[in-house]
Amino acid sequence: MTLPQVSLRVLKFFFTLWFTVSCVFLVSRLLPSVNNPRGLADADSTVYGTSNQNTLQKITSDYLTRTGYNRPLFYFSFQLKGLETAENIKPMAEATRWLSAAVLRHGVVPSQAFYKEWQNWKKTAPPEKVNQLQEHLQRWAGAELNEEISSLKKMISRFLQTTSSDENSLSKTWGKLISQNAPLSYHLPLLRWHGKDNVYHAWLSGLLQGDLGTSTVDYKPVYQKIGSALHVSVGLGLLGLLPALLASYLLGFAFTLHPTSVYTSVLRHFLYFLDSVPGFMITLVVFGIYFLAGGSLLVPFSSGEPDLLQTMGTPPVLLGGLCIAFFIIPHLTLQFYHSLQTQSRSLYTRTAMAKGLSYRRSLRVHALPNALVPILTLLSEVVIGLVSGVLIVEITFSLQGIGSLLVKSILSNDYPVVVGITLFLLVFRLAVTTFTDFLYLVLDPRNQSNT
Amino acid sequence: MTRTCAKSLSLLFIWLLSCSSPSPDSAVRVRLAQDPESLHPLSYGNANALQIFNLVYQSLLTVDLKDNSVQPLLAAGLPQVRRDDSLAYFTYTIRPEARWDNGSPITAADVAFSLKLLHSPLLDNERWRAQYHFIKDIQVNKENPTSFTIVCSGYTPEMKLMSGDFFVFPAYQFDPKGTLAAVSYSLIRQKFDSLSQTSTFKEFAAFLNNPSIATDTATIKGSGPYQFISWNAGQAVMLDRKKTWWADKVATNKKTLIANPSRIVFQIIPDNAAAVLALKARQVDLMDNLPLVTFQEMKKDPAYTQHFNFYSPLSYDLVYMGMNGTNPLLKDKVTRQALAHLVNVPQVIKTIQGGLATPTVGLIHPKEKEFYHGSLPPFGFDPEKAKTLLKQAGWQESSSGWERNANGRTQRLELELLHRAGNSEFESFALLFQQNAKAIKIPVTLRALESSQISERLKARNYDLFLRTLVSTPLSYNLVPILHTSNAAEGGSNITGFGTPNTDQLLEKIAQEERTQEKAALLKQLQEKMQEESNFVFLYFMQNKLAISKQIDSVVVSSLKPGYDLLRFTKRK
């Protein structure tokens, strides 16, 4: 490959990376739970003794200030001109919604007049009337169809006439408000520039300096959390993959050598059966056998971070590795067998045998290298799958791999970790596929002669 | 074919498992469904972390799980109460024997520190700030360092518990530099914003928002009877009883100062099937919230009944369907009543809960005999009545459904029911309700959402119907936050828009009333009103499903969380 080609590829790689991770980050910031303090709004448990509305609002706004999430999300945003004008009036929180609607529909001057009058009226009016008007106004603001808007307008007019009979100023300003129309330009979207002081910029500059942020659950740096989860996932993956590779190689080879043997047929049928058993069944059966054999749940408690070998030595990881081997052996073996069989039927194998090589030797020397090439793609997918976590195994054996860390972080709204894992998996996938491409290039001489 | 094979295989294993031997040691092993995730004193992760915290830290008061009574824990006795116009004063004295692990006495300064921690800026304490907002100040007695008064705004009877229901943390450990000791509690609350700018508070926050505080079990030491031995994240938490615990020397009022098990191991097994396997292999002594089918099968099987006792204590988790009273479709109560007649509670309890649930007419548990309105007949399943009510509310039946004219626009009665995704009980109920509604031509769309999305929709009042659990308690009847109209606007906790001026008065009176008889009369009125308004359709109080090893003596199961009293357990070898 030439230099421009390489640099184009690198550029593409980084662009994909930046684009995907930015999307994940921005989407995660748009989720509703991000803007609520932890534990303040749990959907399935309302506990008695929570505070009143004003306290909750104050606390939520303090939280947003503390975390810096009250800043704009991105460098720019779009907003209707009318809404921006309404914001300039700086209304009270409860009036924001209907005042924006009023400005957008009827212009800023009469809206401001009505808002002022409403503030005065509110001081003296009975609270239930204030609430009723508030409710009417909110509904009017929320209405979308023209006939609904106009009927609600009439209703508010009637309500105001009956309520403030002696001092009709509120009713009058309302009448004035609804008689006017806002200029059309209020519906034009305006681009608002927020500059560098936004959430995305802060996150991206942190990322470029290698700072993925810290977990919101236990304050650990994200890379550290991913690191220890990766530890388990790699241990688990190695324990599953290496025996599976060995077994698949031996079985595939044996099947091809003795295609008519009874063992081959029995074993192949068993592999088909194993392939169709759902994963959770395999893990539970393995777990059950472990208990039967007198195994215990109690893992030796360790102090500090264990090294990879230590991790691989603990019973849950060993059992998990065994399950993973069971998951991938059928697929890998059958594919390898199929590939080897195809090669063994090809002309060059026949030539090799005609020249005096034994069947076994012709398979090993000539057919095998060719049969391995298609297996590479399969293998790269398996490796990627293993690192992103085999959730069934991790959940059953209570292992803290990448898969369960991702699920846990999503459930506890720990978005820095979610974004971090996404980034890691993306880089890993790209790295593995690039490496596989490279291997193809090296292993298959035809590719070299093409370039 | 695969299925039969898999099933017969699993049956074989389960049979074999029942013959295997139990774990030999004297530790009490409890299954937890979730990792505690964080042991930070302010931002701990979940209910499991709280359960573990209750073994390590102590509060001034506690609730005895045996009889649901409020008992002193760190405090020498229940607080003395004094009231004036707008404030209430609760005076406590800490037990003279109470000591931290380093031998120093627990004093009012530690209590003041703990309260300040709940309100300091820059910390992850938002939910505590909301919960303990009513505590205005703490006055330390200058002559007696173990005596102090907590000043609360307003007065409700539950403050007798709530004013002493927070963990007391050792100040020497969490604030070695004395940052919080230098500032008074009331100042922290008043100058919240400006204090958050100061460097001392920034430094304190950096010290406290630190992974070692959240995960290092060696540094987590409280006044409780247990200390951490180890925490294998995601796998197990082990706690040992302290060899010398201060409360062993206490002579009086010892009712709640018990700690029998010498070692407690929490086994974290997220997967229910794996946990059941572990239970059947007797690797855990206790498992709660057993799946219904497993619970029923194990209860019948002598192989398990010889090793386990099974309990299904009542709980205060109330499942209800809420209706949006601010929604134009559901604004009038007659429509809401009509929908309430489409819920077949006995059928739901029988099919979804296997009979293990208690039907109720209101949000008071039928077990609370003096407060529960036993003579109020439940609505019952009655589609014909529902139709009559709909007509009464102005709806007209057409070939395609129900319509009415409102504000010059035709409204169609089409509803959407929100429930949490992944909760199979809610899913089944939603399907049953959808069927019942369809039978009288009301189309109901079911929407399974993630819980924070539901919260957001409820908060914005952008919904028709929803299913939810309300964790209630027999210790508090302050229902103002969730039922008063002053909390009905966006952002408040009254999400269904319940309430009339009449019910508001009722709620205010209930919150203040201390005499049982009067309170009962008011609560019964409220239950009638709530049924009439039908913003809430109460389905049932759930029952816990527990299996506890027969090796454990003096078992106490409770309707309060976590559902059993670990501290009273003794395990035979």
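The values are calculated or read from the model by the stated rules, or taken from the named source; none is laboratory data. Only a predicted model underlies this, so the values are computations on that prediction, with no experimental measurement involved. Virtual Cβ from ideal backbone geometry, glycine too; neighbours counted across all protein chains shown.
Give the range A:259-292 a look and list any residue that's of a type in the set (A, V, I, L, M, F, W, C), in a helix (DSSP H, G or I) and within 9 Å of chain B (Cβ to nearest Cβ), or say none.
Scanning the range A:259-292 gives A:F273, A:F280, A:M281, A:L284, A:V285, A:F287, A:I289, A:F291, A:L292.
Being within 13 Å of chain A (Cβ to nearest Cβ) and under 18 Å from B:N54 (Cβ atoms) is the filter here, so list the residues in the range B:268-290 that pass it. Explain how you work it out, then say what you get.
To start, the set of residues in the range B:268-290 that are within 13 Å of chain A (Cβ to nearest Cβ) comprises B:268-285, B:287.
Scanning the range B:268-290 gives a single hit, B:I268.
Do you know which residues across the range B:434-463 are surrounded by fewer than 21 Cβ atoms within 10 Å (Cβ to Cβ), more than 14 Å from chain A (Cβ to nearest Cβ) and touching a residue at least 40 places away in the same chain (Cβ under 8 Å)?
B:N436, B:A439, B:I440, B:K441, B:P443
Cβ-Cβ under 7 Å, sequence separation 6+ or interchain: first residue in the range B:135-164 and more than 14 Å from every other protein chain (Cβ to nearest Cβ) and without any contact (Cβ under 8 Å) to a residue 60 or more places away in the chain, partner assigned to a strand (DSSP E or B) and of a type in the set (G, A, S). Which pairs?
B:N141/B:S147
Checking B:A406 against (1) without any contact (Cβ under 8 Å) to a residue 60 or more places away in the chain; (2) farther than 23 Å from B:Q527 by Cβ; (3) among the hydrophobic types (A, V, I, L, M, F, W, C), only one condition comes out false. Which one?
(1)
Within the range A:352-366, is even one residue in a helix (DSSP H, G or I) and in contact with an Asp or Glu (Cβ under 7 Å, 6 or more places away or on another chain)?
Within the range A:352-366 (the criterion being in a helix (DSSP H, G or I) and in contact with an Asp or Glu (Cβ under 7 Å, 6 or more places away or on another chain)), the answer is no, since none of the residues qualifies.
Would the range A:115-127 turn up any residue that is within 12 Å of chain B (Cβ to nearest Cβ) and within 28 Å of B:L479 (Cα to Cα)?
Yes, the range A:115-127 contains a residue that is within 12 Å of chain B (Cβ to nearest Cβ) and within 28 Å of B:L479 (Cα to Cα).
Would you confirm whether any residue within the range B:252-261 is free of Cβ contacts under 8 Å to residues at least 60 places away in the same chain, more than 14 Å from chain A (Cβ to nearest Cβ) and assigned to a loop (DSSP other than H, G, I, E, B)?
Yes - at least one qualifying residue is present in the range B:252-261.
Residues checked against (1) surrounded by 14 or more Cβ atoms within 10 Å (Cβ to Cβ); (2) under 30 Å from B:N209 (Cα atoms); (3) free of Cβ contacts under 8 Å to residues at least 40 places away in the same chain:
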| position | (1), (2), (3) |
| --- | --- |
| A:D218 | yes, yes, yes |
| A:V232 | yes, yes, no |
| A:L251 | yes, no, no |
| A:S261 | no, no, yes |
| A:T264 | yes, no, yes |
| A:S276 | no, no, yes |
| A:F280 | yes, no, no |
| A:G294 | no, no, yes |
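Hey, can you tell me all the residues within the range B:454-512 that are hydrophobic (A, V, I, L, M, F, W, C) and assigned to a helix (DSSP H, G or I)?
Across the range B:454-512, the qualifying residues are B:I454, B:L458, B:V480, B:I482, B:L483, B:L506, B:L507, B:I510, B:A511.
Kindly establish whether B:A108 is of a type in the set (G, A, S) and within 14 Å of chain A (Cβ to nearest Cβ).
no
Can you name the residue in the range B:478-520 that is of a type in the set (S, T, N, Q) and in contact with a strand residue (DSSP E or B) (Cβ under 9 Å, 6 or more places away or on another chain) and is also modelled with the highest pLDDT among such residues?
Residues of the range B:478-520 that are of a type in the set (S, T, N, Q), as a first pass: B:478, B:485-487, B:493-494, B:496, B:500, B:502-503, B:505, B:512, B:516-517.
Subset that is in contact with a strand residue (DSSP E or B) (Cβ under 9 Å, 6 or more places away or on another chain): B:493, B:496.
On the way: B:S493: 81, B:T496: 90.
Per the stated criteria, the residue is B:T496.
Assuming A:G389 fulfils every condition listed in (1) crowded, with 23+ Cβ neighbours inside 10 Å; (2) part of a helix (DSSP H, G or I) apart from one, which condition is it?
All conditions are met except number (2).
Only one residue in A:T396, A:T436 is over 30 Å from A:P37 (Cα atoms), within 13 Å of chain B (Cβ to nearest Cβ) and either within 24 Å of the chain's Cα centre (by Cα) or surrounded by 15 or more Cβ atoms within 10 Å (Cβ to Cβ) (or both), so which one is that?
Just a single option satisfies the conditions, and that option is A:T396.
Output the number of residues of the range A:140-188 satisfying the condition of being within 14 Å of chain B (Cβ to nearest Cβ) and either surrounded by fewer than 17 Cβ atoms within 10 Å (Cβ to Cβ) or at pLDDT 80 or above (or both).
Result for the range A:140-188: 18.
Being closer than 21 Å to B:A439 by Cα, free of Cβ contacts under 8 Å to residues at least 40 places away in the same chain, exposed (fewer than 15 other Cβ atoms within 10 Å of the Cβ) and among the charged types (D, E, K, R), is that true of even one residue in the range B:377-385?
Within the range B:377-385 (the criterion being closer than 21 Å to B:A439 by Cα, free of Cβ contacts under 8 Å to residues at least 40 places away in the same chain, exposed (fewer than 15 other Cβ atoms within 10 Å of the Cβ) and among the charged types (D, E, K, R)), the answer is yes, since at least one residue qualifies.
Can you tell which of B:F148, B:F228, B:F169 is in the same structural domain as B:Y89 (by TED's automatic domain parsing) and within 30 Å of B:A27 (Cα to Cα)?
Working: B:F148 fails: within 30 Å of B:A27 (Cα to Cα); B:F228 fails: in the same structural domain as B:Y89 (by TED's automatic domain parsing).
When all the criteria are applied, what remains is B:F169.
What are the residues in the range B:135-150 that are buried (at least 16 other Cβ atoms within 10 Å of the Cβ) and not in a strand (DSSP E or B), if any?
B:T146 - this is the single residue of the range B:135-150 that is buried (at least 16 other Cβ atoms within 10 Å of the Cβ) and not in a strand (DSSP E or B).
Give the number of residues within the range B:218-233 that are facing chain A (nearest Cβ under 10 Å), under 15 Å from B:A49 (Cα atoms) and assigned to a loop (DSSP other than H, G, I, E, B). So that I can check it myself, show each step before the final result.
Step one: of the range B:218-233, the residues facing chain A (nearest Cβ under 10 Å) are B:218, B:229-233.
Next, from what is left, pick out any that are under 15 Å from B:A49 (Cα atoms): B:230-233.
Subsequent filtering for residues that are assigned to a loop (DSSP other than H, G, I, E, B) retains B:233.
Total satisfying the criteria: 1.
Specify the residue that is farthest from A:V373 (Cα to Cα); the eligible residues are those in the range A:429-449 that are part of a helix (DSSP H, G or I) and charged (D, E, K, R).
For the range A:429-449, the residue satisfying everything is A:R429.
Mind checking which residues of the range A:66-109 are over 23 Å from A:W174 (Cβ atoms), within 14 Å of chain B (Cβ to nearest Cβ) and in a helix (DSSP H, G or I)?
A:R66, A:T67
What about B:K177, is it among the charged types (D, E, K, R), buried (at least 17 other Cβ atoms within 10 Å of the Cβ) and assigned to a loop (DSSP other than H, G, I, E, B)? Give the derivation first.
Numbers: among the charged types (D, E, K, R): yes; buried (at least 17 other Cβ atoms within 10 Å of the Cβ): no; assigned to a loop (DSSP other than H, G, I, E, B): yes.
So B:K177 does not fit the description; no.
Return the pair list, or none, for Cβ contacts closer than 8 Å from residues in the range B:479-501 that are touching a residue at least 60 places away in the same chain (Cβ under 8 Å) and farther than 17 Å from B:L526 by Cα to residues that are β-branched (V, I, T) and assigned to a loop (DSSP other than H, G, I, E, B), at least 6 apart or on different chains.
The qualifying pairs are B:A488/B:T326.
Among the residues of the range B:234-251, count how many are in a loop (DSSP other than H, G, I, E, B) and surrounded by fewer than 20 Cβ atoms within 10 Å (Cβ to Cβ).
6
Just to verify a result, which residue in the range B:405-433, among those that are within 14 Å of chain A (Cβ to nearest Cβ) and closer than 24 Å to A:S151 by Cα, is modelled with the highest pLDDT?
In this case the residue turns out to be B:R412.
Which of the residues belonging to the range B:397-434 are closer than 16 Å to B:R468 by Cα and part of a strand (DSSP E or B)?
The answer is B:E416, B:L417, B:L418, B:H419, B:R420.
Tell me yes or no: at least one residue of the range B:100-123 is assigned to a helix (DSSP H, G or I), of a type in the set (V, I, T) and either closer than 22 Å to B:V250 by Cβ or within 28 Å of the chain's Cα centre (by Cα) (or both). Working first, answer last.
Initial filter on the range B:100-123 (assigned to a helix (DSSP H, G or I)): B:108-119.
Now restrict to residues that are of a type in the set (V, I, T): B:111.
With the extra rule that they be either closer than 22 Å to B:V250 by Cβ or within 28 Å of the chain's Cα centre (by Cα) (or both), the set shrinks to B:111.
Yes: the range B:100-123 contains one or more residues that are assigned to a helix (DSSP H, G or I), of a type in the set (V, I, T) and either closer than 22 Å to B:V250 by Cβ or within 28 Å of the chain's Cα centre (by Cα) (or both).
The conditions are (1) free of Cβ contacts under 8 Å to residues at least 12 places away in the same chain; (2) touching a helix residue (DSSP H, G or I) at 6+ places or on another chain (Cβ under 9 Å); (3) in a helix (DSSP H, G or I), and B:Q337 fails exactly one of them. Which is it?
Here B:Q337 meets the rest and fails (1).
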